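Comments concern the structure below.
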Amino acid sequence: MTNEPNDNGVVQDYIEDHLPVGFYTNAPSNAKAIFSTGRGERPFRAMEHILPLRKLHLWSKDEIQAVCNSLRKSFWEDMKRMQQPFCWDDLWHYFDAYDLYHYGSLNLWNVINTLFDENRIIAADYKKEMALHIGMWADEWLQKEVNRQKLLQWDAAQGTMILFILDEEDRLSLGPLEDDAIPLQMTKPFFTTAAFRRLLRPRLITNFWSR
């Protein structure tokens, strides 16, 4: 693969010759190509007659971002469980042979990696936001004696997730949660610690002012 810079030294075109012809003409039978086929609504486009060497435009950062934005808008649900690609064959999960050949496997590789990196940033921000939300909800929930009794009577046989002891009113007040936000903060140890902190808080304040 040979990169060709323009007069300003910026690479805009490259010769795509890093993959064998068979990569494009022999797509795996289990290739989903969810982006190219619209989750199976359009047919998978195969390639039979291709050139072994061809010059392609190398997408800039802005061009990659534009494609990512378009894909995220159309395939938001598919983004949530996206895995980091480790080899060229991983691209078959997203694209068919036609798109890989005409847009360039390198360009689409950069798109998938950019989407994956963005997902990690989005997930980190979401988990921080949910941690704050659940913490504030837990403090308010534990203000009611009936809820503290629920916590004391929580039997391990009911499960380790607090969702098992919440009634419909509790669930509505908590609001919708993504599965990834639940495990760490909705367990008995978290709520037991929160309840312990709440019981100590008035005493600590009283002791401070009585000095």
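State whether the residues of segment 151-162 include one that is at pLDDT 70 or above, in a helix (DSSP H, G or I) and over 20 Å from residue 129 (Cα atoms). Yes, the conditions are met somewhere in segment 151-162.
Of the residues making up segment 10-34, those that are farther than 16 Å from residue 71 by Cβ and in a loop (DSSP other than H, G, I, E, B) number 12. Restricted to segment 80-114, and to residues there that are among the charged types (D, E, K, R) and either over 18 Å from the mean Cα position of the chain (by Cα) or in a helix (DSSP H, G or I) (or both), the residue that is farthest from residue 35 (Cα to Cα) is 89. Taken as a whole, the structure leaves residue 120 outside the set of residues that are in a loop (DSSP other than H, G, I, E, B), under 18 Å from the mean Cα position of the chain (by Cα) and of a type in the set (Lys, Arg). Among the residues of segment 35-65, the ones that are in a loop (DSSP other than H, G, I, E, B) and touching a helix residue (DSSP H, G or I) at 6+ places or on another chain (Cβ under 9 Å) come to 16 in all. Looking at this structure, is residue 116 in contact (Cβ under 8 Å) with a residue 12 or more places away in the chain, surrounded by fewer than 15 Cβ atoms within 10 Å (Cβ to Cβ), hydrophobic (A, V, I, L, M, F, W, C) and not assigned by the TED database to the domain that holds residue 177? Yes: the conditions hold for residue 116.
A single entry from 151, 166, 100 fulfils the requirement of being without any contact (Cβ under 8 Å) to a residue 40 or more places away in the chain, of a type in the set (A, V, I, L, M) and surrounded by 16 or more Cβ atoms within 10 Å (Cβ to Cβ): 166.
With respect to the stated conditions, residue 29 is hydroxyl-bearing (Ser, Thr, Tyr), at pLDDT below 95 and more than 19 Å from residue 107 (Cα to Cα). Considering only segment 66-79, state which residues are farther than 14 Å from residue 34 by Cα and either in contact with a helix residue (DSSP H, G or I) (Cβ under 7 Å, 6 or more places away or on another chain) or part of a loop (DSSP other than H, G, I, E, B) (or both). Within segment 66-79, 67, 68 meet the criteria. Going by the structure shown, is residue 42 more than 22 Å from the chain's Cα centre (by Cα) and charged (D, E, K, R)? The answer is yes for residue 42.
Residues that are farther than 19 Å from residue 40 by Cβ, in contact (Cβ under 8 Å) with a residue 24 or more places away in the chain and within 19 Å of the chain's Cα centre (by Cα) within segment 58-71 comprise 64, 65, 67, 68, listed in sequence order.
Scanning segment 23-33 for residues that are of a type outside the set (D, E, K, R), surrounded by 16 or more Cβ atoms within 10 Å (Cβ to Cβ) and more than 15 Å from residue 102 (Cβ to Cβ) turns up just one, 31.
The values are calculated or read from the model by the stated rules, or taken from the named source; none is laboratory data. Remember, it's a predicted structure, so these values are computed and weren't measured experimentally. Glycine gets a Cβ as well: all are built from the backbone with ideal geometry, and neighbour counts include every protein chain shown.
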